[in-house]
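Every number here is computed from the coordinates shown, using simple stated rules; none is lab data. Every value quoted in this text rests on a predicted model; they were computed, and no experiment measured them. Here Cβ is always computed from backbone atoms with ideal geometry, including for glycine, and neighbour counts include all displayed protein chains.
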Amino acid sequence: MAATLFISDLHLCTSRPLITALLFKFLQDTAQQARTLYVLGDLFEYWAGDDDLSDPFSTQICAAFKQLADGGVPIMFMHGNRDFLLGEKFSRASGMKILDDPTLLEMHGRRVLLSHGDILCTDDTAYQKFREQVRDTQWQANFLAQPLADRKAQIEALRKRSESEKSIKPEAIMDVNMDAVIALIRKFNHPDLLIHGHTHRPGKHEITDQGKHTTRHVLADWHTNGSYLRLTDDGCEAVTFA
Ligand code: LP5
Ligand code: MN
């Protein structure tokens, strides 16, 4: 039975070639048999704008996804906090269709709600304030109007600041807030599954709310291994590979 596959948080970059090799292995092997592949954000370490598509690294990643899409496997992409500037040009070049965050879909007889997951980290107020600013269309247009090299330099500086702030933020505020999770699943009438990444805390959490049941699956990052969630009519399974 063809499975639907979910991945997120690969953080691809030239300095981690093993992770890129794992992705190519995954796309040429496991993903070939997939019914659909969902990439739920943070595919790249960061994405500075679609004009970076001419970079050989981006070209290579794009081509690998395009080959899978051209072979008949639909690929859906949802923005993460690292690659929300990924746009239509990238979507066309890679054969990926961009989905809104969150999106509810019906598959394998289940109602499945997908998100990158950062919208659920509502205790991280500094991040949420930053997120609101950079998700603004006008802010993005102004940012993208700057030369690519300047944008990259600003992002590198922001990455440093983010890492230093993360090192002093209490662990708990960087996880999802349960009230935010409940509010989201109520908004979508208690889906059977909620699948997201972002927190790098892979797991399966059973939630009962208003007498209804939702299973929350948190995807693993690709820091040391490859990882995907596999959904079939029979259920959900998290797989890690090296
Ligand atoms: O990514 P991760 O998991 O390590 O950390 C996130 C939050 N950090 C971020 C920042 C990204 O890592 C940086 C790369 C983004 C590339 C996008 C390109 C376009 C933007 C360019 C802007 C110059 O998302 C981190 C969370 C963590 O997840 C857990 O949820 O805690 O959040 C932060 O650390 C953010 C700080 O708390 C607040 C930073 C404010 C900086 C304001 C600078 C001004 C920028 C201009 C805004 C208008
Ligand atoms: Mn993320």
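Can you tell me how many residues in the range 109-128 are near ligand 1 (Cβ under 10 Å from one of its atoms) and of a type in the set (Gly, Ala, Ser)?
Result for the range 109-128: 2.
Cβ contacts < 8 Å: first residue free of Cβ contacts under 8 Å to residues at least 12 places away in the same chain, restricted to the range 177-203; second residue assigned to a loop (DSSP other than H, G, I, E, B), any location; separation 6+ or different chain. Result?
none
Taking the stated definitions as given, is Arg131 under 17 Å from Asn81 (Cα atoms), within 14 Å of ligand 1 (Cβ to nearest atom), within 22 Å of the chain's Cα centre (by Cα) and touching a residue at least 60 places away in the same chain (Cβ under 8 Å)? Steps first, please.
Numbers: under 17 Å from Asn81 (Cα atoms): yes; within 14 Å of ligand 1 (Cβ to nearest atom): yes; within 22 Å of the chain's Cα centre (by Cα): yes; touching a residue at least 60 places away in the same chain (Cβ under 8 Å): no.
Against the criterion (under 17 Å from Asn81 (Cα atoms), within 14 Å of ligand 1 (Cβ to nearest atom), within 22 Å of the chain's Cα centre (by Cα) and touching a residue at least 60 places away in the same chain (Cβ under 8 Å)), Arg131 does not qualify.
Give Leu10, Leu53 a once-over and let me know the one that is closer than 23 Å to Phe84 by Cα, within 13 Å of ligand 1 (Cβ to nearest atom) and outside any strand (DSSP E or B).
Details: Leu53 fails: within 13 Å of ligand 1 (Cβ to nearest atom).
After ruling out the rest, the residue left standing is Leu10.
One residue is enough: does the range 147-159 have a residue meeting the conditions loosely packed, with under 10 Cβ neighbours inside 10 Å and either of a type in the set (A, V, I, L, M, F, W, C) or within 16 Å of ligand 2 (Cβ to nearest atom) (or both)? Don't jump to the end; show me each part of the working.
Here is the first cut: in the range 147-159, the ones loosely packed, with under 10 Cβ neighbours inside 10 Å are 147, 149.
Subsequent filtering for residues that are either of a type in the set (A, V, I, L, M, F, W, C) or within 16 Å of ligand 2 (Cβ to nearest atom) (or both) retains 149.
Looking through the range 147-159, at least one residue is loosely packed, with under 10 Cβ neighbours inside 10 Å and either of a type in the set (A, V, I, L, M, F, W, C) or within 16 Å of ligand 2 (Cβ to nearest atom) (or both).
Select from the range 17-47 the residues that are within 16 Å of ligand 2 (Cβ to nearest atom) and either of a type in the set (Lys, Arg) or more than 30 Å from Asp233 (Cβ to Cβ) (or both) and list them in ascending order.
Within the range 17-47, the first condition is being within 16 Å of ligand 2 (Cβ to nearest atom), and the residues that meet it are 19, 38-47.
Correct list: Ile19, Phe44, Glu45, Tyr46, Trp47.
Give me a count of the residues in the range 205-235 that are part of a strand (DSSP E or B) and either under 27 Å from Leu18 (Cα atoms) or among the hydroxyl-bearing types (Ser, Thr, Tyr) (or both). Outline the logic, then answer.
Residues of the range 205-235 that are part of a strand (DSSP E or B), as a first pass: 205-209, 212-218, 226-232, 235.
Adding the requirement that they be either under 27 Å from Leu18 (Cα atoms) or among the hydroxyl-bearing types (Ser, Thr, Tyr) (or both) leaves 208, 214-215, 217-218, 226-232.
Result for the range 205-235: 12.
Among the acidic types (Asp, Glu), within 18 Å of Ala220 (Cα to Cα) and exposed (fewer than 13 other Cβ atoms within 10 Å of the Cβ): does that describe Glu171?
Working: among the acidic types (Asp, Glu): yes; within 18 Å of Ala220 (Cα to Cα): yes; exposed (fewer than 13 other Cβ atoms within 10 Å of the Cβ): yes.
Yes; evaluated as a whole, the condition is true for this residue.
Restrict the check to the range 86-95 and report whether at least one residue is within 16 Å of ligand 2 (Cβ to nearest atom) and more than 18 Å from His200 (Cα to Cα). Steps first, please.
If we filter the range 86-95 for residues that are within 16 Å of ligand 2 (Cβ to nearest atom), which is where we start, we get 86.
Filter once more, so that each one left must be more than 18 Å from His200 (Cα to Cα): 86.
Yes, the range 86-95 contains at least one residue that is within 16 Å of ligand 2 (Cβ to nearest atom) and more than 18 Å from His200 (Cα to Cα).
In the range 144-169, how many are in contact (Cβ under 8 Å) with a residue 24 or more places away in the chain and of a type outside the set (D, E, K, R)? Spell out how you get there, then give the answer.
Of the range 144-169, the ones in contact (Cβ under 8 Å) with a residue 24 or more places away in the chain are 144, 148, 151-152, 155, 159, 165, 169.
Subsequent filtering for residues that are of a type outside the set (D, E, K, R) retains 144, 148, 155.
Counting residues in the range 144-169 that are in contact (Cβ under 8 Å) with a residue 24 or more places away in the chain and of a type outside the set (D, E, K, R) gives 3.
Restricting attention to the range 69-85, which residues are away from ligand 2 (no atom under 14 Å from the Cβ) and either under 20 Å from Glu45 (Cα atoms) or touching a residue at least 60 places away in the same chain (Cβ under 8 Å) (or both)? I'd like the intermediate steps shown before the answer.
As a first pass, look at the range 69-85 and keep what is away from ligand 2 (no atom under 14 Å from the Cβ): 69-76.
Once the filter is applied, which keeps residues that are away from ligand 2 (no atom under 14 Å from the Cβ) and either under 20 Å from Glu45 (Cα atoms) or touching a residue at least 60 places away in the same chain (Cβ under 8 Å) (or both), the range 69-85 yields Ile75, Met76.
Looking only at the range 183-232, count how many residues are of a type in the set (Ser, Thr, Tyr), away from ligand 2 (no atom under 16 Å from the Cβ) and either under 25 Å from Leu43 (Cα atoms) or loosely packed, with under 13 Cβ neighbours inside 10 Å (or both).
Quick first cut of the range 183-232, residues of a type in the set (Ser, Thr, Tyr) only: 199, 208, 214-215, 224, 227-228, 232.
Checking the rest, the ones that are also away from ligand 2 (no atom under 16 Å from the Cβ) come to 208, 214-215, 224, 228, 232.
Subsequent filtering for residues that are either under 25 Å from Leu43 (Cα atoms) or loosely packed, with under 13 Cβ neighbours inside 10 Å (or both) retains 208, 215, 224, 228, 232.
Total meeting the criteria: 5.
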